[in-house]
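What follows is calculated from the coordinates using simple rules that are stated; it is not laboratory data. Keep in mind that this is a model prediction, so the values were computed, not measured. Backbone-built Cβ (ideal geometry, glycine too); neighbour counts: all protein chains shown.
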Amino acid sequence: MNFRNIIAISLLVFTLQVQAQEASFEVRGFCIAAPKSKGLPAFLKFIEQELVPRKVNTLLLRVDFNYQYKSRPELRDEDALSEEAVKQLVTLCQKNGINLIPQINLLGHQSWAETTYNLLIKYPEFDETPHVKMPEIYEWPNEDGLYCKSYCPLHPEVHGVVFDLVDEIMEVFEAKDFHAGMDEVFFIGDDKCPRCSGVDKAELFAGEVTKIRNHLAQKNRKLWIWGDRLLNGKLTGLGMWEASMNNTHRAIDIIPKDVVICDWHYERAEPTAAYFAMKGFQVITCPWNKPEVARQQTADLKTLKLHSNKTLSEKYLGMIQTVWSGSESFMEVFHEEIEASERQKGSAKCFIALFEELNQK
Ligand SMILES: [Zn+2]
């Protein structure tokens, strides 16, 4: 073999290695609220016509109480998905190699605006802040600091209830990964809670993450959470939404390292994935409604993956597009079936841009 051939082959091998590394995001995901029963056919079509061609391999569905739970029927939403409906989703996702992951919000997000969700309606004794009354008309900011209600993680009966939901949803979804939400938990360790008062908030948060993780691990299932409570909002300037201003961030050094972190940033491509990876966590970057942010985040994650050693490189799992409207309204905007503002179109445009970026050769 002459010198020129050696150079040519070396270049080819190098190019292939770079391509292989660049193309190796394990997670290419999409996150949205599970459809209601009547929206299911359109959603199944959306999976086949929009997710599959874009090579989406992870579908994170926010289910919460939108399933006809048999173990806890009192917690079902009206018009919740039936077992048969969920099986249609499961079959389609399995056929197309999509990892279908159900989400139930645990700990926080037990209410929204004026609406208390089913868990605290049926079990008001689990409320971390029963003295905070739900307003008739919700406004932010408010005197109580109410964003969403939380359940008390130290209530002796709360896990008996919520783990019934988790077990049942994992069974019917035939899932190996579970997403517990756990973002934007503002009410934790409340001074008036007889159990949590005075307890370190990082320990409370870490304790709840660990309890859920251990429950799932008994059946070889894995816990995924949003990452915001593990970032220091003040020190980093990330603030109270995409990071913690109530001292939960130190939980990052206490929770098990096999929890998968979904690291969301919507306004800027904050490079926090590196922080999670350096702390030993697998991490997924999540945009929402700004195409330029999604493109930059993808480029950043590719750079991190490419220039890290093998141990760190393997921590950068990939990207998930998040959608925070209902799936029916998202699909209407996506298919341009209704008049929508530029802001409403944001997540549809971001989804298209993200997968253009990910699918680039
Ligand atoms: Zn409590």
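Rounded, prolate or oblate for the range 186-318? Axes are the square roots of the Cα gyration tensor eigenvalues, ordered a ≥ b ≥ c, and the cut-off for rounded is a/c under 1.5. Display every interim value, and only then the final one.
On the way: a/c = 2.25, a/b = 1.42, b/c = 1.58.
Oblate, since a/c reaches 1.5 and b/c is not below a/b.
Does anyone have the angle between helix 201-217 and the longest principal axis of the chain? Alpha-carbon axes, 0 to 90°, nearest 10? The angle comes out near 70 degrees. Report, to the nearest 10°, how far helix 158-173 tilts away from the longest principal axis of the Cα atoms in the chain, using its own Cα long axis and a range of 0 to 90°. Taking the Cα atoms of the chain, the angle to 158-173 is about 40 degrees.
Just from its helices, what would the mean residue ellipticity at 222 nm be for the chain, if runs of 4 or more DSSP H residues each count -39500 (n - 2.57) and the sum is divided by every residue, rounded to the nearest 500 deg cm²/dmol? Roughly -11500 deg cm²/dmol at 222 nm, from the helical runs in the chain.
Of P156, P124, P287, the residue with the greatest mean-square motion in the GNM of the chain, using alpha carbon springs below 10 Å, is P156. What chymotrypsin sites (Phe, Trp or Tyr not before Pro) in the range 79-187 are in a loop by DSSP, with at most 16 other Cβ atoms within 10 Å of the Cβ? Those satisfying the criteria are Y138. Step through the table entries K315/K345; K38/K219; K133/K201; K38/K222; K222/K302, compare each Cα-Cα distance with 28 Å, and write down the pairs that go over it. Result: K315/K345; K38/K219; K38/K222 exceed 28 Å. Of H179, H249, H155, the residue with the greatest mean-square motion in the GNM of the chain, using alpha carbon springs below 10 Å, is H155. Seen against the Cα atoms of the chain and their longest principal axis, helix 291-307 is set at about 60 degrees. Measuring from each cysteine beta-carbon in the chain, the ones with no other cysteine beta-carbon under 4.7 angstrom are C31, C93, C148, C152, C262, C286, C350.
Highest mobility in the GNM of the chain, judged by mean-square fluctuation with C-alpha springs under 10 Å and restricted to E84, E184, E267, is found for E84.
Take peptides 215-223, 191-199 and line them up by average Cβ neighbours within 10 Å, highest first, as a rough protection proxy.
Working: 215-223: 15.0, 191-199: 13.1.
In descending order of packing, they fall as 215-223, 191-199.
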